[in-house]
1. Suppose the filter is over 30 Å from Gln105 (Cβ atoms) and modelled with pLDDT of 95 or more; does Leu74 pass it?
2. Got at least one residue in the range 175-185 being surrounded by 11 or more Cβ atoms within 10 Å (Cβ to Cβ) and under 17 Å from the mean Cα position of the chain (by Cα)?
3. Residue by residue through the range 46-67, note down the ones that are closer than 24 Å to Tyr191 by Cα and more than 7 Å from the ligand (Cβ to nearest atom).
4. With the requirement that a residue be charged (D, E, K, R) and not in a strand (DSSP E or B), what does the range 1-56 give you?
5. For the range 3-25, which positions are loosely packed, with under 15 Cβ neighbours inside 10 Å and not hydrophobic (A, V, I, L, M, F, W, C)?
6. Taking into account only those residues within the range 162-202 that are β-branched (Val, Ile, Thr) and at pLDDT 90 or above, which is nearest to Gly36 (Cα to Cα)?
7. Of the residues Ile199, Ile169, which is over 20 Å from Lys111 (Cα atoms), touching a helix residue (DSSP H, G or I) at 6+ places or on another chain (Cβ under 9 Å) and not in a strand (DSSP E or B)?
Amino acid sequence: MDQWWIKAKVINRQMLTDTIIELTIETYQEVKVVPGQSALFLLEDDQWTFERYYSIVDQDTDNERTMLIFAIKLSTNGRGTTAIKNIHIGNEVMIKWIFGNFILQDTQLPKVFIWTGIGIVPLINMAKYCMTEKQLFFSVSTQQDLFYEERIKKIHGLGYEIHISQESIPWYAPWRIDITKTYFDPATEFYVCWKPEIIDNIIENLTFLWFKRIYSEKF
Ligand SMILES: Cc1cc2nc3c(=O)[nH]c(=O)nc-3n(C[C@H](O)[C@H](O)[C@H](O)COP(=O)(O)OP(=O)(O)OC[C@H]3O[C@@H](n4cnc5c(N)ncnc54)[C@H](O)[C@@H]3O)c2cc1C
């Protein structure tokens, strides 16, 4: 194992929905995070060790300790999923890089964050630390799938629209996100994250509307 690995301890573990687990880890090693970045976890199953990227929901540092929060979607039969399910409070975890180019741009331009499901993770971190005009569109299928609503509401200065696409629930927007119906400043930066097919569709719509500053991550 090389010198880059960061040793951390799990200090909190909770289910956000039936299929999304949140892990909070703490480390006494130096860690620098740019909003939007991910950490490469070293995981283990009964066969061998392997690696998976997970984006950082939030980070907090005092003089000697850094806390990092992750939210992970549990899939059926996923290898990472099986390993993550076996991680409990008090366990040690190893992370390699804090890494990624999908980061909040250091500009004064207005920013729009668009996510569905677990794609929220890098974007909620960017939205929190973004100091310019900011708007957020979040979509899940049913109310049961909704998570981080309180986190969204607490982000200072954030305009947001939460969609529940398969149910009609008062207060929430119905159907999927349709960015073609909202006016945005032509200089707006768009940050989009989630499944390739969903991202491709959103990028296609934004490009059709002549927006040029589109940043995306697919996972
Ligand atoms: C930069 C980056 C950031 C990321 N951030 C996050 C994040 O914040 N949160 C998050 O949840 N994910 C994130 N991901 C995705 C994550 O790294 C994993 O790829 C994802 O969680 C699936 O990993 P897994 O090991 O559970 O599934 P894998 O074992 O890789 O399997 C992939 C898919 O195949 C299916 N599958 C596997 N075996 C079988 C089988 N035998 N039969 C049928 N289907 C099967 C699984 O259900 C799964 O959907 C990120 C990825 C990248 C690249």
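The values are calculated or read from the model by the stated rules, or taken from the named source; none is laboratory data. These figures come from a predicted structure and were not determined experimentally. So basically every Cβ, Gly included, is an ideal-geometry build from the backbone, and we count neighbours across all protein chains shown.
1. Numbers: over 30 Å from Gln105 (Cβ atoms): yes; modelled with pLDDT of 95 or more: yes.
Yes: the conditions hold for Leu74.
2. Within the range 175-185, not a single residue is surrounded by 11 or more Cβ atoms within 10 Å (Cβ to Cβ) and under 17 Å from the mean Cα position of the chain (by Cα).
3. Selection gives Ile56, Val57, Asp58, Gln59, Asp60.
4. Once the filter is applied, which keeps residues that are charged (D, E, K, R) and not in a strand (DSSP E or B), the range 1-56 yields Asp2, Asp18, Glu30, Lys32, Asp45, Asp46.
5. Gln3, Lys7, Lys9, Asn12, Gln14, Asp18
6. Taking the range 162-202 first, the residues β-branched (Val, Ile, Thr) are 162, 164, 169, 177, 179-180, 182, 188, 192, 198-199, 202.
The next check asks that each one be at pLDDT 90 or above; those that pass are 162, 164, 169, 188, 192.
Details: Ile162: 20, Ile164: 24, Ile169: 30, Thr188: 18, Val192: 11 Å.
Top of the filtered list is Val192.
7. The match here is Ile169.
Residue by residue, here is whether (1) out of contact with any Gly (no Cβ under 9 Å at 6 or more places or on another chain); (2) closer than 29 Å to Gln143 by Cβ; (3) within 13 Å of the ligand (Cβ to nearest atom); (4) not assigned by TED's automatic domain parsing to the domain that holds Thr116 holds:
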residue: Ile11; (1), (2), (3), (4): no, no, no, yes
residue: Glu22; (1), (2), (3), (4): yes, yes, yes, yes
residue: Val31; (1), (2), (3), (4): yes, no, no, yes
residue: Glu44; (1), (2), (3), (4): yes, no, yes, yes
residue: Ile69; (1), (2), (3), (4): yes, yes, yes, yes
